[in-house]
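Student: Below: one structure in structure tokens.
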């Protein structure tokens, strides 16, 4: 079943098409990667799906319902969660309270929110730091916290914006393992990522955009060999390395 349907979505800023007539679908249970050069329109597309921007043309359907016109908090309550490329914790709060902010998306009961948050922190390896102020966390732990807060909203679809960016290889491997467990729990993942190892390991399909336009879509192995993708994004050095 199509959980997400992007239908000819276009968004202009000052006459420049940041997203230009993009269409694709994501089935429930899939992991789909979104790649492209810096400035290609990837985060803009996430903002259109999650309600931070509204498209100039086109529609976004989630579970058969058109999301156009809804606010970000309304879309989140319907089951679309997200993380941000630049992590945005509430700096004055402890780790547990940051996650509880997400949990209040689906409950007004502080006890339920706390229990849900503790469970998620435990599953992501942050339970020992639940009472830390977020300003004391490492970059890797802040990434996990961003993921924890998004999971606390109980999403059916989770938009992940460069969750592995800035991490060392060991930390990237740990994040990949966490995302695989999240997929196994039934959450559909849509992932922006420049770490191709993460995309190749996680994604069932990859969508590539360049200058706001979709230029390729398919399984990672085929997409990474697509001449249009190599030219626009991966570069000749990548193709040479693949051919060796």
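The values are calculated or read from the model by the stated rules, or taken from the named source; none is laboratory data. All of these numbers come straight from a predicted model, not from anything done at the bench. Ideal geometry is used to build each Cβ from the backbone, glycine not excepted, and the neighbour counts take in all protein chains shown.
Student: Mind checking which residues of the range 22-52 are part of a loop (DSSP other than H, G, I, E, B), closer than 16 Å to residue 159 by Cβ and either without any contact (Cβ under 8 Å) to a residue 40 or more places away in the chain or over 16 Å from the mean Cα position of the chain (by Cα) (or both)?
Tutor: Scanning the range 22-52 gives 51, 52.
Student: From the residues in the range 83-100 that are part of a helix (DSSP H, G or I) and in contact with a helix residue (DSSP H, G or I) (Cβ under 8 Å, 6 or more places away or on another chain), which one is surrounded by the most Cβ atoms within 10 Å (Cβ to Cβ)?
Tutor: Applying the filter and picking the extreme gives 99.
Student: Out of all the residues in the range 54-82, which are buried (at least 18 other Cβ atoms within 10 Å of the Cβ), assigned to a loop (DSSP other than H, G, I, E, B) and in contact with a strand residue (DSSP E or B) (Cβ under 7 Å, 6 or more places away or on another chain)?
Tutor: 55, 67, 79
Student: Take the conditions modelled with pLDDT under 95, surrounded by 18 or more Cβ atoms within 10 Å (Cβ to Cβ) and in contact with a strand residue (DSSP E or B) (Cβ under 9 Å, 6 or more places away or on another chain) and apply them to residue 232. Does it pass? Step through it out loud before you land on a result.
Tutor: Working: modelled with pLDDT under 95: yes; surrounded by 18 or more Cβ atoms within 10 Å (Cβ to Cβ): yes; in contact with a strand residue (DSSP E or B) (Cβ under 9 Å, 6 or more places away or on another chain): yes.
So residue 232 passes the test.
Student: Among the residues of the range 32-41, is there at least one that is surrounded by fewer than 15 Cβ atoms within 10 Å (Cβ to Cβ) and over 12 Å from residue 212 (Cα atoms)?
Tutor: Just the residues of the range 32-41 that are surrounded by fewer than 15 Cβ atoms within 10 Å (Cβ to Cβ), to begin with: 38-39.
Narrowing further to those that are over 12 Å from residue 212 (Cα atoms): none.
Scanning the range 32-41 turns up no residue that is surrounded by fewer than 15 Cβ atoms within 10 Å (Cβ to Cβ) and over 12 Å from residue 212 (Cα atoms).
Student: All but one of (1) in a loop (DSSP other than H, G, I, E, B); (2) surrounded by 15 or more Cβ atoms within 10 Å (Cβ to Cβ) hold for residue 116, so report the exception by its number.
Tutor: The single condition residue 116 does not satisfy is (1).
Student: How many of the residues making up the range 101-113 are surrounded by fewer than 22 Cβ atoms within 10 Å (Cβ to Cβ) and either in a helix (DSSP H, G or I) or in contact with a strand residue (DSSP E or B) (Cβ under 9 Å, 6 or more places away or on another chain) (or both)? Even if it seems obvious, please write down each step before you answer.
Tutor: From the range 101-113, those surrounded by fewer than 22 Cβ atoms within 10 Å (Cβ to Cβ) are 101, 104-112; that's our starting set.
Narrowing the set further to residues that are either in a helix (DSSP H, G or I) or in contact with a strand residue (DSSP E or B) (Cβ under 9 Å, 6 or more places away or on another chain) (or both) leaves 101, 105, 110-112.
Total satisfying the criteria: 5.
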